[in-house]
Amino acid sequence: MAVLPLTVASAGQVGDARPDPAPVAPRRGDAKAPTAAPSSSPLLLGLGLATAARCGPELGSPEGMEAQTCVLTQGSDTWARTYYRNATGEALDSVLSLMGPGGRTVQTRCATGADDEPATCETPRERSRGVPDDYTAVAEFAERGAGGALLLRSGSNSESSDRS
């Protein structure tokens, strides 16, 4: 019988939170052995807080804009993130919106340069209200200026819910 190590990925940074020390098993007959207090920390094998991601499909425009947008939840926080690559050759205007329960919306303007490198943009983290499925994120990328044409809209909804 071979024993293999268990590998787990976590989207949080290592050391985001420290787990409580492992409880010491009481020895037989030792009535004063320490006991561990229950922990409500959502830790994942001591690697940091686990982050849940609900992402829409990877999309691309004929002009060269590519993006994927997600709603992220970690502990009691929720925020939106879009992964993008701008191969249009022009800097773009872009906005990332996180819509939550009760009509609550958070918007962030993203600096979308013309450098053709993969990049990300995030909204600020907010204390979660409701469940992760109550949140939706949308990123919009448009040509610069008030009359700039919309090049791409990317959402956190699943590909199947786009079809009506």
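The values are calculated or read from the model by the stated rules, or taken from the named source; none is laboratory data. Everything numeric in this text was worked out from a predicted model, so none of it was measured. Methodologically, a virtual Cβ is constructed for each residue, glycine included, from the backbone with ideal geometry; neighbour enumeration extends over all protein chains shown. Heads up: the accessible areas ignore ligands, DNA and RNA and are worked out on the full protein's heavy atoms, side chains in. Shrake-Rupley method; radii C 1.70, N 1.55, O 1.52, S 1.80 Å.
For region 54-75, a residue qualifies if it is under 17 Å from Ser156 (Cα atoms) and among the charged types (D, E, K, R), and the qualifying residues are Arg54, Glu58, Glu66.
Out of all the residues in region 82-89, is one or more open to solvent by 20 Å² or more (accessible area, probe 1.4 Å) and of a type in the set (Gly, Ala, Ser)? There is at least one residue in region 82-89 that is open to solvent by 20 Å² or more (accessible area, probe 1.4 Å) and of a type in the set (Gly, Ala, Ser). Pairing residues of region 124-148 that are open to solvent by 90 Å² or more (accessible area, probe 1.4 Å) with residues that are outside any loop (DSSP other than H, G, I, E, B) and of a type in the set (Ser, Thr, Tyr), at Cβ distances under 9 Å and at least 6 apart in sequence or on separate chains, gives Arg125/Thr78; Arg127/Thr78; Arg129/Thr78.
Selection of region 90-108 for residues being surrounded by 20 or more Cβ atoms within 10 Å (Cβ to Cβ) and among the hydroxyl-bearing types (Ser, Thr, Tyr) yields only Ser94. Specify the residue that is surrounded by the most Cβ atoms within 10 Å (Cβ to Cβ); the eligible residues are those in region 67-81 that are in contact with a Leu (Cβ under 8 Å, 6 or more places away or on another chain), assigned to a strand (DSSP E or B) and free of Cβ contacts under 8 Å to residues at least 60 places away in the same chain. Step by step, filter region 67-81, then rank; the result is Thr78.
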